[in-house]
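Written below as C-alpha cells is the structure these notes are about.
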Amino acid sequence: MSEAKDWREYAENTVREMFEHHPEQAVSIIRSGTEDRVVTSYYNCDFEHRWILLGHLITDIVMEIIEINAAEVRAMLEEDDE
C-alpha cells in the first residue's frame, strides 16, 4: 500500500479536477519502469484532440526546461542584446 500513497495525491487531484470542471477530453499515460509497461487511455479524444493535449504537455516540458536553466537562458539573452 505504500506505493499507492506515492501517487494518491495525484489521483485525488485528477479525479477532483474531472468532477469539478467536467472535461470534454482527457488523456492518461501511465508508465511502470519495473514492469516495462506504458498504458495510454483516452476519454472522448480523436487524433486532433490528442495533438492539442500533446501540445500542452510539450509546453509544460519546455517551460520546465527554461525554469531549470533560467540562469543560462538569461545569459544567452543578454549575449544577444550585445
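Is it the case, given these coordinates, that residue 73 is surrounded by 10 or more Cβ atoms within 10 Å (Cβ to Cβ), more than 13 Å from the chain's Cα centre (by Cα) and outside any helix (DSSP H, G or I)?
On the way: surrounded by 10 or more Cβ atoms within 10 Å (Cβ to Cβ): yes; more than 13 Å from the chain's Cα centre (by Cα): yes; outside any helix (DSSP H, G or I): no.
No.
Yes or no: the range 30-52 includes at least one residue that is in a helix (DSSP H, G or I) and loosely packed, with under 10 Cβ neighbours inside 10 Å.
Keep residues of the range 30-52 that are in a helix (DSSP H, G or I), which gives 47-52.
Narrowing the set further to residues that are loosely packed, with under 10 Cβ neighbours inside 10 Å leaves 47-48.
Among the residues of the range 30-52, at least one is in a helix (DSSP H, G or I) and loosely packed, with under 10 Cβ neighbours inside 10 Å, which makes the answer yes.
In the range 9-28, how many are within 13 Å of the chain's Cα centre (by Cα), surrounded by 11 or more Cβ atoms within 10 Å (Cβ to Cβ) and not in a helix (DSSP H, G or I)? Explain how you work it out, then say what you get.
So the first thing to find is which residues in the range 9-28 are within 13 Å of the chain's Cα centre (by Cα), and the list is 10, 14, 26-28.
Pick out the ones that are also surrounded by 11 or more Cβ atoms within 10 Å (Cβ to Cβ) and you get 14, 26-27.
Within this subset, residues satisfying the condition of being not in a helix (DSSP H, G or I) are 26-27.
Number of matching residues: 2.
Values in this text are rule-based calculations from the coordinates and carry no lab data. None of the values given here were measured: they were computed from a predicted structure. Backbone-built Cβ (ideal geometry, glycine too); neighbour counts: all protein chains shown.
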